Amino acid sequence: MLAPTRAARNAQVRELFPNLSGADCVMEGGRSAALRALGRVDPVAYARTRNHLDGKVTRLSPYFRHGVLTLAEAAEQGIKRSGFGAYKFVFELAWRDFWRRVWARDGKKIEQDLERAKVPLGDAPLPDDVKNANTELACMDGFVRDLVDTGYVHNHARMWFASYLVHHRKVSWKAAADWYYGELLDGDRASNHLSWQWVASTFSSKPYFFNRENLERYTEGRYCAQCPRARACPFDAPYPALEKKLFGKESFSR
Amino acid sequence: MKILLVHDEMLNEALPVFAAYRDLTRVFVLDPAYVAREGWSLKRVQFIVDCLSEIPDVRVFHGSLAAVCDDLGASDIVTQETPNHAIRDWLASTKRAIQWEAEPQFVEFSGKLSRFTAYWKSVAPQWFSESDLRSLESRR
């Protein structure tokens, strides 16, 4: 029998799973909360601002992952509200459907390289300084704290973080993806593991990498302003130079 | 006895499988071994339980799925289809007959999956008019 309030249910779960530690869930689950969140979606503002950390993102993904909302009903609502202005919103929903279809086709293979990597990759385990949010890179440590404390990370931050781990730290994408999967409220092997493969280049035609200018622009500089490594930032370079440093050649940024 | 096994991708009573099998006992199992294999955090399990609290008449058990099936005398399981191999392996471990019911679809698609761009080009007309899509293309 489940307790009648969220606080009491959270306590029930702590009692049933004494080996699980960490923060309590701050996001409200359930169909009512999901419908309220869907009602707040502004597809036009989403299209314009979604790449910014302060943008009008929807935070619907934990509901999609657990079937609390369907992709189709979200698309229908978005189009009803904004017509063709919902194009980007529906486009991004389609990514989830695409990943899921790849999963249905490939099954457990999505946990291995689906294609040959287009750049050299590493197989290092997840480093402790990353896991403990102690890299001294304010951005990456901030993204880890978001993940561990709330189970939610902005999509752009997920891409930056994955790129940092896979291409700068040469961590095995699979090791990183497995850890990430468990911490996310919306952890889904298709969306999560295939996105890591997309960044790594084992399910895309090129690796995903970024520079400081890009991160600073979409975070409104909030991390760089207080970063202990701001003067020795590993991302502070033009793309060709960064590519040469990471992959030993310049072929994707030309 | 047949049960409706509610798994972690179907936490919504509005899904068709709930209406189609309204007479079956609804069962959700918090299986510590499954949670450990998934590597879920505390907050993830709490979120799932929060979702469950809004599904009427679902019986939530803590323990192994196979043992819960034994206790209930469940010989057959009905549940929603999924490509999720963790769920499929977990259910298969019960050695029960499993009836998979279709999950809601986002689009109809039977083409060859390659890159997202090709997939999207093929399915976008199910959501938007060809003229809107052509006009977008011409602006690029």
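Mind telling me which of A:Ala175, A:Ala133, A:Ala11 comes out most flexible in a GNM of chain A, alpha-carbon contacts under 10 Å? Of A:Ala175, A:Ala133, A:Ala11, the Gaussian network model singles out A:Ala11 as fluctuating most.
Each label point was placed 7 Å from the Cα along the Cα-to-Cβ direction; for B:Asp89 and B:Ser122 their separation is 2.9 nm. Of the trypsin sites (Lys or Arg not before Pro) found in region A:95-192, those in coil by DSSP whose Cβ has at most 15 other Cβ atoms within 10 Å are A:Arg116, A:Lys170.
Of the listed pairs A:Lys109/A:Lys206; A:Lys88/A:Lys244; A:Lys174/B:Lys2; A:Lys56/A:Lys80, which have alpha-carbon separations greater than 28 Å here? Those over the limit are A:Lys88/A:Lys244; A:Lys174/B:Lys2.
First check a/c for chain B, with a ≥ b ≥ c the square roots of the eigenvalues of its C-alpha gyration tensor; if it is under 1.5, answer rounded, and if not, answer prolate when a/b is larger than b/c or oblate otherwise. Prolate, since a/c reaches 1.5 and a/b exceeds b/c.
Of A:Cys224, A:Cys139, A:Cys25, the residue with the greatest mean-square motion in the GNM of chain A, using alpha carbon springs below 10 Å, is A:Cys25. Computed over the protein assembly as shown, the quotient of the alpha carbon radius of gyration and 2.2 N^0.38 Å is 1.02. For region A:124-167, backbone nitrogen atoms closer than 16 Å to the point 7 Å from A:Arg217 Cα along Cα-to-C-beta are found at A:156-157, A:160. In this label model, B:Trp100 and A:Arg105 are separated by 1.7 nm, measuring between points 7 Å along each Cα→Cβ vector. For peptide A:64-75, the mean count of partner chain Cβ atoms within 10 Å of a residue's Cβ comes to 6. In plain terms, the C-alpha convex hull of region A:128-247 casts an average shadow of 7.0 nm² when viewed from every direction. Simple spin-label estimate for A:Gln112 and A:Ala237 gives 3.3 nm between the two label positions (7 Å along the Cα-to-Cβ direction from each Cα). Summing charges over neighbours of A:Thr150, with a neighbour being any other residue whose Cβ is under 14 Å away from its Cβ, gives -1 when K and R count +1 and D and E count -1.
Per-residue shielding of B:123-136, expressed as the average number of other chain Cβ atoms within 10 Å of the residue Cβ, stands at 3.
Between the C-alpha center of region A:106-127 and that of region A:1-74 there is a gap of 29 Å. As a rough footprinting exposure proxy, the listed residues B:Leu136, B:Leu4 were ranked by other beta carbons within 10 Å of their own, and the order from fewest upward is B:Leu136, B:Leu4.
Peptide A:95-102 is shielded by partner chain Cβ atoms: per residue, an average of 5 of them sit within 10 Å of its Cβ. The packing ranking, built from the mean of other Cβ atoms within 10 Å per residue, places the peptides B:109-115, B:10-16 in the order B:10-16, B:109-115, highest first. Here the Gaussian network model covers chain A, with springs between Cα atoms less than 10 Å apart; of A:Thr70, A:Thr202, A:Thr58, A:Thr70 fluctuates the most. Under the criterion of Cα pairs below 8 Å and six or more residues apart, the relative contact order for region B:2-101 equals 36 percent.
We did not get these values from a lab; they are worked out from the coordinates using the rules stated. Treat the numbers as computed from the prediction; the structure is a model and nothing was measured. So basically every Cβ, Gly included, is an ideal-geometry build from the backbone, and we count neighbours across all protein chains shown.
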